[in-house]
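What follows is a single structure, written as structure tokens, with notes after it.
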Amino acid sequence: SQQGEEDPQALSIQEGENATMNCSYKTSINNLQWYRQNSGRGLVHLILIRSNEREKHSGRLRVTLDTSKKSSSLLITASRAADTASYFCATDAWRSGNTPLVFGKGTRLSVIA
Amino acid sequence: SAVISQKPSRDICQRGTSLTIQCQVDSQVTMMFWYRQQPGQSLTLIATANQGSEATYESGFVIDKFPISRPNLTFSTLTVSNMSPEDSSIYLCSVGGAGGETQYFGPGTRLLVL
């Protein structure tokens, strides 16, 4: 079953604005990862945040994690047209030594120039 | 990090035929994962492939439909058998995730079944 659920499902903003996407999950996790996917291509790893971390930055990206609420957010500041993509959160599903990721449904971000 | 390549990058197939997708990693890895992404949907794990053992399939996926090979620590194949239009998806292989580390994905194989 789906572990993560992103909202909104779709987001349209103007270039230069900030974009915030949220992710909720159901069970305990070791870490949460955010990925970007352009036009049905492969996934690009953006950032990993561990369960004992609350906030992490990478360039224009800021990720927060609230394990008490089982939620995470991805903030993209000063968005650019090139940020147009689908964004997925994924959580590890620790099971018998395997750690395949379970993905949310994704947020489709459109940045309008 | 890991560099992953997949072949073919895309294909158009007739129903009833089979397609084998190859995944090559630039380093030795214990586990490789195969995902499916149906149009407009998220990624769903098909199976986990360990070298030297049978693949472990997720609920809803069976070996007869998606046979997997894992002949060594850098290579795996996924076959989509007896294809139907419902199999039209992007298929992605992935490695990593051990110890809660980053998981990396190949570029995907876009399959269209007519």
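Derivation of every value follows stated rules applied to the coordinates shown; laboratory data play no part. Note that the structure is a prediction, hence the values are computed from the model and not measured. Note: ideal-geometry Cβ built from the backbone for every residue, glycine included; neighbour counts use all protein chains shown.
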Q | By average C-beta atoms within 10 angstrom, highest first, the peptides B:77-86, B:29-38, B:7-16, B:50-59 | A | B:29-38, B:77-86, B:50-59, B:7-16
Q: Tell me, rounded to the nearest percent, the portion of alpha carbon pairs in chain B spaced more than 19 Å apart.
A: 40 percent
Q. Around residue A:108, with a cut-off of 13 angstrom between Cβ atoms, what is the net charge of the other residues, counting Lys and Arg +1 and Asp and Glu -1?
A. -1
Q. Near residue A:84, within a Cβ-to-Cβ distance under 11 Å, what is the net charge of the other residues, with Lys and Arg +1 and Asp and Glu -1?
A. +1
Q: Mind giving me the FRET efficiency for residue B:72 and residue B:112? R0 is 22 Å, r the Cβ-Cβ distance, nearest 0.05 is fine.
A: 0.15
Q | Any cysteine of the protein assembly as shown lacking a neighbouring Cys Cβ under 4.7 Å - listed by number | A | B:13
(Q) Using the crude model of +1 on Lys and Arg Cβ and -1 on Asp and Glu Cβ, and no other charge, please compute the dipole size for chain B relative to its Cα centre, in debye to 20. (A) 240 debye
Q.
Counting each pair of different Cα atoms once, what's the Kirkwood radius of the protein assembly as shown in Å, rounded to one decimal?
A. 18.0 Å
(Q) Please report the spacing between the Cα centers of region B:71-95 and region A:20-69 in Å, no decimals. (A) 26 Å
Q. Just for the Cα atoms in chain A, what are the lengths along the principal axes, largest first, rounded to whole Å?
A. 47, 28, 21
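Which value, in debye to the nearest 20, gives the size of the charge dipole of the protein assembly as shown about its Cα centre, when Lys and Arg are +1 and Asp and Glu are -1 at the Cβ?
120 debye
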